[in-house]
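J.: What follows is a single structure, and I will ask about it in a moment.
What follows draws every value from the coordinates through simple rules; no lab data is involved. Quick caveat, the model's predicted, so the values are computed rather than measured. Cβ coordinates were reconstructed from backbone atoms using ideal geometry, including for glycine residues, and neighbour counts include every protein chain displayed.
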Amino acid sequence: MNITTLQTRGTDLVTAALKLAGRFDRAELMESYGKLRQARGDPLPHWWKQGVSNELHRLSSDFATFHTEHRKLDLFCCDVRAKQYALRDSAKPLLIEAANAAGDLFTSRNTLLVSRYGDTTQFHNNHLIGQYAQKIVMNEMRSRGYTVIDTSLLHAYDFEFKAPTRTSVPQIMETKGTRASEIDITLTPNEMQVMFENRDRYWLGIVYNIKLDSGQARDGSLPFITAPPIIDQWRFLTARIRRVEATLFDKL
């Protein structure tokens, strides 16, 4: 798969756009970008708005800069007449996948490794399966009486959930989906780090046997949910994990 690195300013611009969702104007994008940088304590130079505008032009084939600089990542679309912008639909699953792998982009500076277009089918299918699995697991936790908050765009895990008591500690859930009936599950390095740092409240929810039909995910098993500490029930092999009967942990 062809991979392109999106550097820090572009990553921050995409993160600000993902937070807005849908269509937005330039002022809304600038405000979201500024809040992101300020929340992290990053200084904003006096020319920052021009820098953001230039980066937007580099990431959209609707502008001449994209073509003159022979850019590879066409992430934004622009309605010039309405002065409205949006992330391209074809780019969203790639950016969300890359953002999830990168970790918490709202609290630390980072770069994104983004798949180039032309080799996106598997990437898109994985995104559909992942979203479907997350929906199933979230519904399962709601049925158990938990309050659920989707955090998949903000953190290196999919959602938080909390019991309806004032003293309840928020739990975090990583979800995985697969079309197979039994398979090793891949965790990114950032997901592994989150697990180790939150081992007493890190849950894992997996949906097996998901089917893809005409671009839609359907069916799937009942969610297999492991309560913490999950290292008591899974064996860790580099970035892959496999459920086992005995307690076994191979430290990275």
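J.: When a/c reaches 1.5 or more, the comparison of a/b and b/c decides; with that in mind, is segment 1-93 rounded, prolate or oblate per its Cα gyration tensor?
T.: The shape class here is rounded.
J.: Okay, moving on. Modelled label-to-label distance, F196 and R26, 7 Å Cα→beta-carbon offset: nm?
T.: Here the modelled spin labels are 4.5 nm apart.
J.: Now for a separate question. Label points 7 Å out from Cα along the Cβ direction at D232 and R142: separation in nm?
T.: 3.0
J.: Given K35/K176; K83/K135; K92/K211; K49/K135, which pairs have Cα atoms separated by over 26 Å?
T.: Pairs exceeding 26 Å: K35/K176; K83/K135; K49/K135.
J.: With the crude spin-label approximation of a point 7 Å out along Cα→Cβ, what separation in nm comes out for L212 versus N125?
T.: 0.4
J.: Quick one: T68, T11, fewest Cβ neighbours within 10 Å first, how do they rank?
T.: T68, T11
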